[in-house]
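Q: Input: one structure, supplied below.
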């Protein structure tokens, strides 16, 4: 199948795949638990709600830069793990997901 005929994944496709990944893990079908992403999620959650940041939030604009960086790193980790799950679930779909991300980054 040519690359342009593959189904599009998009943002909501990743959200649905993330939910399917956790369900498959819970049913012991998908055995690769994303330990680093789970740890990153807990760290990000604690950091975002902790009042003591590296850059205090009361500083206009720059106070939220560190929070955005932590959130961005978390999203990247989740995308990586969902991509691995998609490869496990359906190699054709996973190739399109990685291509879609690369295409979006090239447009920036």
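Q: Can you name the helices (runs of 4 or more DSSP H) wholly within region 12-108 that have at least 1 residues being over 13 Å from the mean Cα position of the chain (by Cα) and modelled with pLDDT of 80 or more? Show your work before the answer.
A: On the way: elements: 35-49, 65-89, 91-107.
The helices (runs of 4 or more DSSP H) meeting that bar are 35-49, 65-89.
Q: Could you grab me the full set of residues in region 50-82 that are within 30 Å of residue 17 (Cα to Cα) and either touching a helix residue (DSSP H, G or I) at 6+ places or on another chain (Cβ under 6 Å) or in contact (Cβ under 8 Å) with a residue 24 or more places away in the chain (or both)?
A: Within region 50-82, 67, 70, 71, 73, 74, 77, 78, 79, 80, 81, 82 meet the criteria.
The values are calculated or read from the model by the stated rules, or taken from the named source; none is laboratory data. Because the structure is a prediction, the values reported are computed rather than measured. Here the Cβ is made from the backbone with ideal geometry for all residues, glycine too, and neighbour counts use every protein chain on show.
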